[in-house]
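The next block holds one structure in the form of structure tokens; read it before the comments.
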């Protein structure tokens, strides 16, 4: 057989074998999991999603009616009748949101902002049946609330999923009542996780591009298997309508909050009595840290759990309860999720050396959840861009300083100076420099001179209003 013919036969054989293998090989796992559409999931889960309507009674008061300047006898009327406010009157206001059933005994999850201050709450099912609901409990910190209705026969129930398994790029299905249009389905993907939108102390949102609009609040965000991975809560939009950036409370957080609300009607959160500050590259360099991992202790509440455990300002917390600490927000969530009374090991770096502390977690209370004499100026802080002075005794009360507090007062911050760029302000009180107490402007000047020779930032601990914080200033 000619070589060309032989090669041709071999090629046909090889291709035939490859085609046979391809025909026998199963499709990739990802392809197997992608449904043609979501009709089956929607059909099964839609009945578990409800619309929520509320009526609120809001006291309103008319603006004072100013008397015209040219009114005859204006002073007479003002003196004897006054520029009075109209009497208060009750104005009804309605709110609309979404929710979903999580138990056969009638518990419903929604957002706190949907039912906050509600005088009446009603739940509307897909068949337009309207039933009254009672508030079991709500948690403003996470914007989660739980309602209760009388059980109905054959109620559909939504099942919780694992929000930690919802990776960016995975399917996301939102069902709710945007603008009062009940039973609306939108589909997108999980865009990101652990979003902080600065709406509360425990922000850890799932971001999705599945359309979420007004009225979707409190509705479920499902994965492709029909499991709830989030509670739709907020949107980012300059116009108030969807632009593809929506946020949902992760199901793992929402479920933990809901379980506590159902059991006790309130949420218990751990508390340690620390004010935390993120470690910037400049602060890390000033501390001699190899990186900016961990979180800095800016202040310790006297008598609090952390104070009793031996924490100090300037400590760098690197591990909590056996887990690495990446940020203050992460640590705050971990502490809040820890049951009060629990003893937790904490690793801190103090003066460059790691130390192990054990803290007994306290319980956060409701209250915790939610300048006069001009002294002589000195030029000791001039190269920092500061005018410093000793603290005048007459100004201690206005500055909110505890008895015995030492430090120096910032009289002026020069524009475009290193101190101004670092965020120092007039009226700040510098209490330590490079973790050493200061009592005179010369102490700050010496600390600044020392770090200049070492080519690293100076680390100042500052009292501002009723808080302490660290500021690193680079020369």
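Here, each number is a calculation from the coordinates, and none is a lab measurement. Given the structure is predicted, the values throughout are model-derived calculations rather than measurements. Don't worry about glycine lacking a Cβ; one is built from the backbone with ideal geometry, like all the others, and counts go over all protein chains shown.
Structure above, values below:
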read-out	value
Global form of the range 188-256, assessed from the alpha-carbon gyration tensor, a/c cut-off 1.5	oblate
Per residue convex hull volume, Cα atoms of the range 270-363, in Å³	79
Label point distance in nm, residue 120-residue 224, each placed 7 Å from Cα along Cα→Cβ	4.5
Pairwise label distance in nanometres, residue 405 with residue 56, each label 7 Å out on the Cα-Cβ vector	3.7
Overall dimensions of the range 152-210 as given by Cα atoms, namely Rg and Dmax in Å	14.1, 41
Anisotropy class of the range 382-473 from Cα gyration tensor, a/c 1.5 cut	prolate
Residue 280 versus residue 103: modelled label distance in nm, points set 7 Å from Cα along the beta carbon direction	4.8
Efficiency of FRET between residue 154 and residue 474 - r from beta-carbon atoms, R0 60 angstrom, step 0.05	0.35
Exposure proxy order (Cβ contacts within 10 Å, fewest to most) of 222, 38, 236	236, 38, 222
Fewest-first sequence of 233, 347 by Cβ atoms within 10 Å of each Cβ	347, 233
Alpha carbon centroid spacing (whole Å) that separates the range 166-200 from the range 419-475	45
